[in-house]
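Right, one structure below, let's go through it.
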Amino acid sequence: MEAFLHQIFSGLAAGGIYASVALALVMIYTATHHINFAQGEMAMFATYIGWALIEQVGLPYWVAFFLTIAIAFVAGFTIERIVLRPLADKPVLSIIIAFIGLLVIFNALAGFFFSYTIKAFPSPFPTSPPFGNKFLSWHDLGTVGITVMVLLLLFGFFRFTPLGLAMRAAAFNPESARLVGIRVGLMLALGWGLAASIGGIAGMLVAHVVYLDPNMMSGILLYGFASALLGGIDNPGGAVVGGFIVGVAENLLGAYVIGTELKLSVALVLIIGVLLVRPAGLFGRRLVTRV
Amino acid sequence: MAKLLEVKGLRAGYGPTEVLHGLDFEIEEGGITTILGANGAGKTTTLRAICGMVRVSGQVSLGGQAIAGKATEDIVRLGVAHVPDGRGTFVQLTTEENIRLGAYVRSDKAAVAADMERIYGYFPRLKERREQQAGTLSGGEQQMLAISRALMLSPRLLLLDEPSFGLAPLIVQEIYRILREINRKERVSMLLVEQNAALALDVADHAYLLETGNVVVSGTSDVIKNDETVRRSYLGY
Amino acid sequence: MLISRRVMIASVATAAAAHALPAMAQKKYDTGASDKEIVFGHTGPYSGPASAYGTIGKAIQAYVAKVNDDGGVNGRKLKMITYDDGYSPPKMVEMVRRLVEQDEVLFLFNTLGTPTNTAIHKYVNAKKVPHLFVATGATKWGDPKNFPWTMGWQPNYQTEGKIYAQYILDNKPDAKIGILYQNDDYGKDYLHGFEEGLGEKGRKLIVSKLSYEVTDPTIDSQIVSLKGSGADTFFNITTPKFAAQAIRKSADIEWKPLHFLNNVSASVGSVLTPAGLDKSVGIITALYAKDPTDPQWANDKGYQDWLAWMNKYYPEGDKKDTFNVFGYNVAYTLVAALKQAGDNLTRENVMKQAASLKNLEVPMLLPGIKVSTSATDFYPIEQEQLAKFNGKVFELFGKVYGN
Amino acid sequence: MTSNQAAAPLATPLAKPATSWVTTGIFIAVLFALPYLLPVVLPELEGIITLKANFMIFQFTLVIIYAIAILGLNIVTGYSGQISLGHGAFYAIGAYTAAVLMDKLDVPYWATVPVSGALCMVVGFLFGLPALRLTGHYLALATFALALAVPQLLKYKHIEWLTGGVQGIVILKPDAPFGIKFMNADQWLYYFCLFVACIMFWLAMNLIRGRFGRAMIAIRDHPIAAEAMGVNNAMVKSMAFGISAAYTGVAGALGAIAIAFVAPDSFTVFLSISFLVGLVIGGLASISGAIFGAIFIQFVPNIADSISKAAPWAIYGMFLIAAVYVMPTGAAGLVRRLRG
């Protein structure tokens, strides 16, 4: 029983990680209607910047944390302007190739600048187990807490601010958005900036758990992608819940049902099965349009 | 009356194809002007050219200010609202979000709130459906929504692209009644593109007739309505 | 007259040649070697998922630069041609063929990876190109009967697995063993050696055997399961990132087994430090090389030479990275073999000399561990010594295993 | 990837087949003469034709193999409009089929190629039936999962006796048949692959210009209209996926024969991504584009490697981005633009 609980909680802890990455994917999807394959590598690179600020510059954790978010925002914004802007009217697959290009560039540059040996990333949370439990650490709880906080902020931003509404409008229907005076290009760039920031947050939370190295995100991105689609790619809340479901399901399947060798394959098959039944994800809104 | 929009030698097209070959026309402040013509004459392109949605050359000036070549969003900010072909609904957003977006460039919050209530007064059905996803509205409701969104800009010039398209006659009548009312009450100038010439000539003060990218006839609505030859050869009724 | 003169000249020339013969006799070259240089080929994963190993190739290049600055090998400069294989077997085949057929190198050196080297194994032996000191710990590289042109270098994973097994049988015969291994050739090789070392009876000691994939974000779940299985002995066959995760997670869930960590991840600086030194106390590993991050070598001559070389020839390299020690050691071994080959730089002789290293001491190998090969022994390093982490350094203990 | 909006094109399709029959003929003739042209074009190879030229012939053999694989992906992505990030899986299945048949059953190498194709067609069709109900990102995830799962399945312990597990299977490289003396194994393999490629390209051309091709394109461009005209969308899409998988499977079998080795590590997700790169950079919905794409994925990584050992991927990534800037419709589209 204790082992079972342990599996559930370590699944929840992993789920928190997937959720935070899924959130970044949902963010970029909401703002640009693309799924950015380079999101994971951008997050990884931002995490290295955070690491350098803490370990090499010597800034306190939270200062470095927010500075990294700001740097990631500017970087995401700039990448949209420089790399993706010229491709705006190009076919979708061309843009995907550009994403793949960005992915390999960031991966290679991280190795080049920071080497491939793993680095420990500090956590701002206490190391003693909270409330004397032995299942979850403060960092696990903190990850969930920060993810939920980001989720609420995003929800509020998109739902209640004119800028958030404009960003959604620009992604859904750029032509109509221009007709109400929205600067669509700027919205896309802001969306990239925000997504890069959220990715940076996710990266910094993840890095403490899995250790920082240039390939840190390659596996996680897949789980994040699956979580986001499972929960509903246009639904931030769904993506977070999807993350937890994937984390727990993967752990339990691996530990008790199919063994560790095939757990990824089976988990993916299950997710695809769910998507076949509910094509918009568990919590996604099915788009209804009357002509 | 003062001229709100003056267009001289307007050429526009898509890619290598030129659709408009040098149009001249003008719109008077506070009036309703209509552009008539057969399919493919260039009516929709004319509206898109005014808002900078296609590549243009020639002169377009709004209240004396040159706007040709400006970006769409900048032209919108000068007070040109466009109810586009196909209505341009943000189908994934709610009705109210669609309407709120219309006022995106305005910063006068109190006035925006007042405008929203007034527009709901014109279109009470939209108010009933304010929380509904806009994609689920009927065609007529989506047309009303598009007009409402455009009006939220508090525009100087409202461009309307075939507001009657695909709608039942009763709904068309209602929409046109409201458009006339808005024009009269709020002094919003309108440029109306219609295939249904009889309908358009009924509401418009002034009309231009396009054929393959050129203005072939212009005049007040009454004159054109009563010109037997024009009616037969161009308008076909 | 004319004729006789020609004969005379000829005979003089013959005499001169005959006279010079003793000195010239050994100057024999195959493609890639000349009076001026020795050209050899190398591939490594500079790109792709295994690019962490790319630094080995760069370190070898840096060592070649040092050798050339010091005058080369027997007066000849070394020229290393290295290509990116992306850890992909098909790419490896292409690149090795390029080295052999287009660049016409004298021999191949330290090509990396088990699947990749398997892909070229037959080819290089058919072409009779020396395939020296490959960078993988699989067992199959020491098979001079069937593959006389291929030779490994590092202690193979199976041997190391057997050492741990032996230790357990000797010291903890009632152990309940839990194993975590990477699900690929590397992990399975260790596992195989370990199980073989335990023997039929000892294999019953294994209570849990779990794998992970390199794409798994964490291995927390596996550690929890291992603890749940009641294991009190843990054989940790993981690469650095997962090793650090395993060490930390088992401490966090208060699982305190007798912990054996494979040599692949036995680095104080790049594994135990990130995992937490206090959490690493008691870990046992088998070592053959000096860990550059282990403070016990700070004043060691071999380490200081290595450090000076890193600073001068590979300043951008990571000094915590044990792969940079690996590259240095293996390149040192190569140079020793080439020196031994003298002026007879045929492929056959290079292979022969590589197979006749006798008790070669390599500066960054542990004291007492030597490189030896023979015509029937294609395993250059077969010795390892167990060491236990005391919170600061790996303390060597017990005998040197192997011969 | 974009939203589910039907209006968003996956790519700008090219209107007509790029090459005329004459250019096609010349091109094929050049390919057939290549092993003998190489020493003429590169005189420094003369005399040592056997060795240096052999390596290049080997590289071109790989180009041909990749071209078949990309052509397969093109059928499903370019013509049928379904994105696939998982064609590496079919390449792997084809390769393993060939290797297992040769290794365990001593089937002659040439006979494994059609078997691989047929098996992949069945697998592709069966995968497509459910998966192609998904679109856009969801299909991308499903196919990506396939690419990820297949290498893991190949090393699964219960089929290790068949697949060789993580160690893979080493196979024998075929020699020229009938004791032909004037051709070495590399040259023979080149001609063998070229021969297969010609058949596959010819079949593809007929397929695309025929009834089935029109049905695929109709579904891609106007799914609702196609359905209304009586096209069974689900069946056509799944068939397209199956045919596409068959192409890639054939390429995989040839790849296994050329490399003479298969292992799970040969078929990582990156292989699938490479095919996609080759497809887009070659040119979507263009038969000749497959060849340009194959040349790109074969040679550009080598160029990147020769520029920088420090971070070859960074260079490769820049090449990728530059390629889509310069040739948004792929190399085939660029050629068309330059011509006319």
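The values are calculated or read from the model by the stated rules, or taken from the named source; none is laboratory data. Predicted model only: the values in this text are computed from it and were never measured. Heads up, the Cβs are rebuilt from the backbone with ideal geometry, glycines too, and the neighbour counts pull from every protein chain shown.
Descriptive notes on the structure:
- Residue match in segment D:129-143 (condition: charged (D, E, K, R) and touching a strand residue (DSSP E or B) at 6+ places or on another chain (Cβ under 7 Å)): no
- Within segment D:200-237, tally of residues that are among the aliphatic types (A, V, I, L, M) and not in a helix (DSSP H, G or I): 2
- Selection count, segment D:226-238, where residues are without any contact (Cβ under 8 Å) to a residue 60 or more places away in the chain and in contact with a helix residue (DSSP H, G or I) (Cβ under 7 Å, 6 or more places away or on another chain): 4
- Being on the phi > 0 side of the Ramachandran plot and either modelled with pLDDT of 90 or more or in a helix (DSSP H, G or I) (or both) is a property that does not hold for D:Phe127.
- Verdict on A:Phe135 being more than 14 Å from chain B (Cβ to nearest Cβ), surrounded by fewer than 24 Cβ atoms within 10 Å (Cβ to Cβ) and either of a type in the set (Lys, Arg) or not in a helix (DSSP H, G or I) (or both): yes
- Filtered residues of segment A:193-221 (kept if in contact (Cβ under 8 Å) with a residue 40 or more places away in the chain and within 19 Å of D:Ala142 (Cα to Cα)): A:Ser218, A:Ile220, A:Leu221
- Some residue of segment B:92-99 being buried (at least 22 other Cβ atoms within 10 Å of the Cβ), within 21 Å of B:Leu191 (Cα to Cα) and facing another protein chain (nearest Cβ under 9 Å): no
- Helices (runs of 4 or more DSSP H) contained entirely in segment A:1-92, each with at least 1 residues that are within 12 Å of chain C (Cβ to nearest Cβ) and surrounded by fewer than 24 Cβ atoms within 10 Å (Cβ to Cβ): A:2-32, A:39-51
- Any hit, segment D:171-182, residues being at pLDDT 85 or above and either in a helix (DSSP H, G or I) or over 21 Å from the mean Cα position of the chain (by Cα) (or both): yes
- Scanning segment B:6-30 for residues that are surrounded by 18 or more Cβ atoms within 10 Å (Cβ to Cβ) and under 16 Å from the mean Cα position of the chain (by Cα) yields B:Val7, B:Phe25, B:Ile27.
- With respect to being under 14 Å from the mean Cα position of the chain (by Cα) and either more than 9 Å from chain D (Cβ to nearest Cβ) or not acidic (Asp, Glu) (or both), A:Leu212 falls outside the description.
- Scanning segment A:113-132 for residues that are assigned to a helix (DSSP H, G or I) and in contact with a Leu (Cβ under 9 Å, 6 or more places away or on another chain) yields A:Phe114, A:Pro130.
- Unique residue being more than 10 Å from every other protein chain (Cβ to nearest Cβ) and among the small types (Gly, Ala, Ser) when the list is D:Ala176, D:Ala145, D:Ala131: D:Ala176
- Selected residue [crowded, with 18+ Cβ neighbours inside 10 Å, over 22 Å from B:Thr44 (Cα atoms) and basic (Lys, Arg)] from B:Arg177, B:Arg156, B:Arg187, B:Arg129: B:Arg129
- Enumeration of residues in segment D:182-207 that are over 25 Å from D:Ala260 (Cβ atoms) and among the small types (Gly, Ala, Ser): D:Ala204
- So A:Val148, is it away from chain D (no Cβ under 14 Å), under 30 Å from C:Lys241 (Cα atoms) and either surrounded by fewer than 19 Cβ atoms within 10 Å (Cβ to Cβ) or in contact with a strand residue (DSSP E or B) (Cβ under 6 Å, 6 or more places away or on another chain) (or both): yes
Residues are listed down the side, and each one gets a yes or a no for (1) more than 7 Å from chain A (Cβ to nearest Cβ); (2) closer than 30 Å to C:Ile81 by Cα; (3) surrounded by fewer than 19 Cβ atoms within 10 Å (Cβ to Cβ); (4) of a type in the set (D, E, K, R):
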{"site": "D:Ile303", "(1), (2), (3), (4)": "yes, yes, yes, no"}
{"site": "D:Lys309", "(1), (2), (3), (4)": "yes, yes, yes, yes"}
{"site": "D:Met318", "(1), (2), (3), (4)": "no, yes, yes, no"}
{"site": "D:Ala322", "(1), (2), (3), (4)": "yes, yes, yes, no"}
{"site": "D:Pro328", "(1), (2), (3), (4)": "no, no, no, no"}
{"site": "D:Val335", "(1), (2), (3), (4)": "yes, no, no, no"}
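- Residues that are outside any helix (DSSP H, G or I) and within 9 Å of chain D (Cβ to nearest Cβ) within segment A:249-274 comprise A:Glu261, A:Leu262, listed in sequence order.
- Segment B:21-42 residues that are closer than 12 Å to B:Gly9 by Cα, paired with ones that are assigned to a strand (DSSP E or B) and of a type in the set (D, E, K, R) (beta carbon under 7 Å, 6 or more apart): B:His21/B:Arg11; B:Gly22/B:Arg11; B:Asp24/B:Lys8; B:Glu26/B:Lys3; B:Glu26/B:Glu6
- Looking only at segment C:47-70, and only at residues there that are in a loop (DSSP other than H, G, I, E, B) and touching a Phe, Trp or Tyr at 6+ places or on another chain (Cβ under 8 Å), the one that is surrounded by the most Cβ atoms within 10 Å (Cβ to Cβ): C:Ser47
- Test: residue in segment D:260-273 that is out of contact with any Leu (no Cβ under 9 Å at 6 or more places or on another chain), away from chain A (no Cβ under 13 Å) and acidic (Asp, Glu): yes
- For segment D:110-123, the tally of residues that are closer than 21 Å to D:Ala185 by Cβ and surrounded by fewer than 21 Cβ atoms within 10 Å (Cβ to Cβ) stands at 2.
- Under the condition of being in contact (Cβ under 8 Å) with a residue 24 or more places away in the chain and within 14 Å of chain D (Cβ to nearest Cβ), the residues counted in segment A:109-132 number 6.
- Set side by side, the residues A:Thr127, A:Thr117 differ, and just one is of a type in the set (Ser, Thr, Tyr), surrounded by fewer than 22 Cβ atoms within 10 Å (Cβ to Cβ) and farther than 30 Å from B:Met152 by Cβ, which is A:Thr127.
- Checking each residue in segment D:223-241 for being surrounded by fewer than 14 Cβ atoms within 10 Å (Cβ to Cβ) and either under 19 Å from the mean Cα position of the chain (by Cα) or not hydrophobic (A, V, I, L, M, F, W, C) (or both) picks out D:Gly230, D:Asn232.
- Top-ranked residue of segment B:115-147 - restricted to ones that are without any contact (Cβ under 8 Å) to a residue 24 or more places away in the chain and over 23 Å from the mean Cα position of the chain (by Cα), ranked as farthest from the other protein chains (Cβ to nearest Cβ): B:Glu128
- C:Ala337 vs. criteria within 14 Å of chain A (Cβ to nearest Cβ) and surrounded by 24 or more Cβ atoms within 10 Å (Cβ to Cβ): no
- Selection status of D:Ile70, within 14 Å of chain A (Cβ to nearest Cβ), under 30 Å from D:Leu153 (Cβ atoms), modelled with pLDDT of 90 or more and out of contact with any His (no Cβ under 6 Å at 6 or more places or on another chain): yes
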